[in-house]
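Before any comments, here is the structure.
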Amino acid sequence: MFDLFLSVCLFFLVISILTALYRVWKGPSLPDRVMALDNIGVNLLAGVAILSIVMRTHAFLDIILLIGILSFVGTIGFARFIERGVVIERKRVH
């Protein structure tokens, strides 16, 4: 019964990722696309966590941490690009 529940959760995560991919592709604005990419990152995190539970292993915990860090850094980078037009500001000294 528990495995069926986890399978249903994985199915809905895949549906959520597909709808977010549609929003990335057809998003009306750049912030909508960034939010959809962040949503995909969170859903991937949850999917790997559920797979780790299904497979009864701790091997995926490092992958979950890596996906979380990359998703966070990517969202911050996109947000800075939207706000300022550049990700890394370089001050020139003359």
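The values are calculated or read from the model by the stated rules, or taken from the named source; none is laboratory data. It should be emphasised that the depicted structure is a prediction, and the values quoted were computed from it without experimental measurement. As a convention, Cβ positions derive from the backbone with ideal geometry for all residues, glycine included, and neighbour counts pool all protein chains shown.
Close contacts from segment 62-87, counting a first residue that is touching a residue at least 40 places away in the same chain (Cβ under 8 Å) and a second that is surrounded by 15 or more Cβ atoms within 10 Å (Cβ to Cβ) and in a helix (DSSP H, G or I), with Cβ to Cβ under 8 Å and a gap of 6+ residues or different chains, come to Thr75/Val34; Thr75/Leu37; Thr75/Asp38; Thr75/Gly41; Phe78/Val34; Phe78/Leu37; Ala79/Val34; Ile82/Val34. The condition of being surrounded by fewer than 16 Cβ atoms within 10 Å (Cβ to Cβ) and assigned to a helix (DSSP H, G or I) holds for only one of Leu21, Leu13, that being Leu21.
For beta carbons closer than 8 Å, sequence separation of 6+ or different chains, a first residue in segment 1-29 that is free of Cβ contacts under 8 Å to residues at least 12 places away in the same chain and within 17 Å of Ile40 (Cα to Cα) and a second that is assigned to a helix (DSSP H, G or I) and aliphatic (A, V, I, L, M), the qualifying pairs are Gly27/Ala36.
Say we look at segment 62-94 and pick out the residues that are assigned to a loop (DSSP other than H, G, I, E, B) and hydrophobic (A, V, I, L, M, F, W, C); which of these is farthest from Val34 (Cα to Cα)? Before the answer, list the steps.
Let us first name the residues in segment 62-94 that are assigned to a loop (DSSP other than H, G, I, E, B), namely 85-94.
From what's left, hydrophobic (A, V, I, L, M, F, W, C): 86-88, 93.
On the way: Val86: 15, Val87: 14, Ile88: 18, Val93: 33 Å.
The extreme case among them is Val93.
Do we have any residue at all in segment 59-79 that's farther than 23 Å from Leu4 by Cβ, surrounded by 18 or more Cβ atoms within 10 Å (Cβ to Cβ), hydrophobic (A, V, I, L, M, F, W, C) and touching a helix residue (DSSP H, G or I) at 6+ places or on another chain (Cβ under 8 Å)? Yes, segment 59-79 contains at least one residue that is farther than 23 Å from Leu4 by Cβ, surrounded by 18 or more Cβ atoms within 10 Å (Cβ to Cβ), hydrophobic (A, V, I, L, M, F, W, C) and touching a helix residue (DSSP H, G or I) at 6+ places or on another chain (Cβ under 8 Å). Residue count for segment 1-52 satisfying the condition of being more than 18 Å from Ser71 (Cα to Cα) and either charged (D, E, K, R) or touching a His at 6+ places or on another chain (Cβ under 6 Å) (or both): 2. Kindly establish whether Leu37 is surrounded by 16 or more Cβ atoms within 10 Å (Cβ to Cβ) and under 13 Å from the mean Cα position of the chain (by Cα). So Leu37 passes the test. One residue stands out in segment 13-23 among those that are of a type outside the set (Lys, Arg) and over 12 Å from the mean Cα position of the chain (by Cα): the one that is farthest from Ile50 (Cα to Cα), namely Tyr22. Being of a type in the set (A, V, I, L, M, F, W, C), modelled with pLDDT under 90 and either part of a helix (DSSP H, G or I) or touching a strand residue (DSSP E or B) at 6+ places or on another chain (Cβ under 9 Å) (or both) is the requirement here; does Ile40 meet it? The answer is no for Ile40.
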